[in-house]
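Please treat every number below as a calculation from the coordinates, not as lab data. This one's a predicted model, so the numbers in the text were calculated from it and none came from an experiment. A quick note on method: Cβ atoms are made from the backbone with ideal geometry, for glycine too, and the neighbour counts reach across all protein chains shown.
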Amino acid sequence: MIKNGAITALFRGVLKSYSQIFFSESYWLAIPLVVVSFLDISAGFSGLLSVMTANIAASCLCFNKQSVAKGYYGFNSLLVGLGLGYYYEMTLIIIVIAILSGFFTFILTVTLQGILEKYYLPSLSLPFVLSIWIVLSAGKMLSGAEINQDGVYILNRLFIVGGYPLVRLHEWWIKNITSEFLNSYFLSLGAIFFQFNVFAGLVISVSLLFYSRIAFLLSLIGYSVAWFAYMFLGMDLNQLGYSFIGFNFILGAIAIGGYFYVPSRQSFLWAFAMTPIIALAAAGLSGLFKPFNLILVSLPFNLIVITFIYTLRFRTGKSSFKEVVIQQGKPELNLYSYQSFTSRFPNFGWQQIKLPFFGEWLVDQGHNGEHTHKGEWSDAWDFVIAGSDNLQYLNEGNDLKDYYCFGQNVLAPADGAVVVAEDGTVDNPAGEVNMKRNWGNTVIIKHSEGLYSKLSHLKKGSVTVKPGDNVHYGQIIGKVGNSGRSPYPHLHFQLQQTPYIGSKTLNYPLFGFVDDGKQLMTFSYPQKGHRIKSVEENPVLKKAFNLYPGTKFNWNIRTQKGNETANWEVITNAYNKSYIFCLSTKSVAYFEDDGVQFSFTHFEGDRRSLLYSCYLAAFRVPLVYINGMVTYDSIPANRTFKGIRLFLHDITAPFFMYLSANYEVKMEMKGPAFDPDTIIYSSVLSGYSFKRLIWTKKYTLTVNSDNSLKLEDSFSQTEAICESY
């Protein structure tokens, strides 16, 4: 039986199965596609029966509700049902076959998904191809199956659906629209739903245009390239429009150009390049399958796209032709999400290696140093402590204890396992070096495969760890000394790829430090002569942004229209991604907190909601207070622009983006620095078209020590207060 909550998933799954044919999860695209499928009543009804059967089976057998709701298990069954209804009249026998074929295609879909997903490959519509061959062959053996003649009598079909107005429109089109290319393009689009008339293709093309400008553009490119390829090769152009061949090029271009790969110049180029390959495969397969009387349907598209994706998995070098990692379900979203994420988080996935000390230190020697950091060992740092006069010592500096850094704690820069711990080298007197024991007392920590940190010249007897010990960031592993090739006390720190003393250095950035007391650095390289210090957590901000799952916000909102409330809850999904969910508007805002900055990464839902205002106000805010610091970022165009501006921008976006939204935020602290009462974020969002300012929005987010919040949106003149959470 279908359990509670599965009914909704079932309905969504049936509807989205229609849009999934175009790799979409859009209801708005699905609705006109449902209408198109019923231009042939027999095909439409048979398709609906099959897709309902598949989704009911998936729900009853307790398959993943989200996958059911997204139409993953239904679109292949839908295509089989449409094909069955196109070829045969809707008799009792065909109704039964439509139901049986819907279930059969469902289990075939799950089977092929299970096989191909082991190689991270999509099954696309391969289940449909195999199933339609079996179903149509079975139909020939049934005495109760009658051939559907509606395709021959197009005027009768149009009259049944739309009466005389649709018939007259058809006659006008035949008389006035004589472009063979255009009519063939629309016929190919309609053929995806087994509707061989230009009206079906026209409705699909308009729906595709409003759903995705990039997908629409790719459909034109794919078909155009195929058209000219057929002309150049001297092949029959009628095959494109009056068979199932043409839509292979449309779906292939969309898949390569914008769905499986991030839309770009390169993706469009490869969509262009692969179309003749699909044409060649279609021609060759037609010859192979002709003796068996099997229709190709989407087989060429499936074979070429799947093999193309699999081939590119073996690339070893970097390329600007990027595969979509987190599928957004729409070419524009794939593009905007990728560009935003890569520009905002260029070091995503890198390990956070932090400074191996607390407090403020001076970079005495940086990369490519003037003394010892040269050649294969150039990417290292020497750290010391210096006073306001830049001297590193008290008195004359003749005694090691005169040096500020001597004996100071050295910390593990990240979690890891100790692989080397040497502690037997005597500290040199000031001004002398030990050339035999170059690195002196040293600790090497393995943080991951191919990433080790080495801390050298430690004080004799101070090393607190041994090989095999697991350490955590901030744990004391020794003290600064003057052992080895070190004339004066300092800490040598480097990253390397191998676990040996003397290994060459690795050019790897450090995470989360304050540079010269002015700027917060995330992944960066400390420079010689700069004073740097570890990030110090602000107690007010740490408490305010500690958004663990289950945290609830209750807002009282005052707007121009009156007062209202909003309730939010923090949720973590199965992929360990956290987001804020607005119960009233069903909006969601995903976020990341790396301990240094809080960043919103994605928003879906109502732009009139308070959550959207918060998404913009706190798009990226520091969790560390630095007086006078300004933080900058950019917000994706699709999250800030809308209407005709964004509609037109989507067309050029893969090649050139002229819309942009810049974000900046300033911080102000009230109360003593060690125990502040309030921290205020003042953020400004600026929208540009061709670098010309066209709008600004201002927000203020106040964070109080009593765990209350106040959000002010000057653009919509909204003020919201959250007493506690």
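Worth a mention:
- Of the DSSP H helices in the chain, those whose Cα atoms cover at least 24 Å axially and whose Kyte score averages -0.5 or more: 41-60, 92-116, 213-233, 265-289
- Amide hydrogen neighbours beyond the local backbone of F523, cut-off 5 Å, H modeled: G512
- Ranked F106, F647, F591, F674, criterion: other C-beta atoms within 10 Å, fewest first: F674, F647, F591, F106
- Peptides 560-569, 198-207 ranked from most to least packed by the mean count of surrounding Cβ atoms within 10 Å: 198-207, 560-569.
- Semi-axes of the equivalent ellipsoid of the range 374-416 are 25, 16, 10 Å, computed as sqrt(5λ) over the eigenvalues of the C-alpha gyration tensor in descending order.
- Protection proxy ranking for 319-327, 34-42, 472-480, 515-523, using the average of other Cβ atoms within 10 Å per residue and placing the highest first: 34-42, 472-480, 515-523, 319-327.
- Computed packing ranks the peptides 652-664, 108-120 as 652-664, 108-120, most packed first, by mean other Cβ atoms within 10 Å.
- Over the chain - Rg/Rh using Cα atoms and the Kirkwood inverse-distance radius: 1.08
- Each residue of the range 42-124 gets 80 Å³ once the volume of the Cα convex hull is shared out per residue.
- Overall size of the range 362-496 from C-alpha positions, given as principal axis extents largest first: 43, 32, 31 Å.
- Share of Cα-Cα pairs in the range 539-722 lying beyond 24 Å, as whole percent: 40 percent
- Integer Hz, Karplus 6.51/-1.76/1.60 couplings in order for the range 507-519, x for Gly and Pro: 7, 10, x, 9, 10, x, 9, 9, 9, 6, x, 10, 10
- Considering all different alpha carbon pairs of the range 1-148, the Kirkwood hydrodynamic radius works out to 15.0 Å.
- For the range 1-148, the number of Lys pairs with C-alpha atoms closer than 26 Å, counting only pairs eight or more positions apart or on separate chains, is 8.
- Among the listed pairs K318/K374; K666/K691; K354/K543; K374/K528, those beyond 26 Å (Cα-Cα): K318/K374
- Compared with the alpha-carbon gap, the fully stretched path from K466 to R607 is longer by 45.2 nm at 0.36 nm per residue.
- For the chain, with +1 on Lys and Arg beta carbons and -1 on Asp and Glu, the positive-most of A138, L711, L693 along the dipole: A138
- Percent of C-alpha pairs per 5 Å bin, the range 179-344, short to long: 1, 9, 18, 21, 19, 14, 9, 5, 2, 1, 0, 0
- Cα lying deepest toward the dipole's positive end in the chain, options Y119, L355, G375, charges on Cβ: Y119
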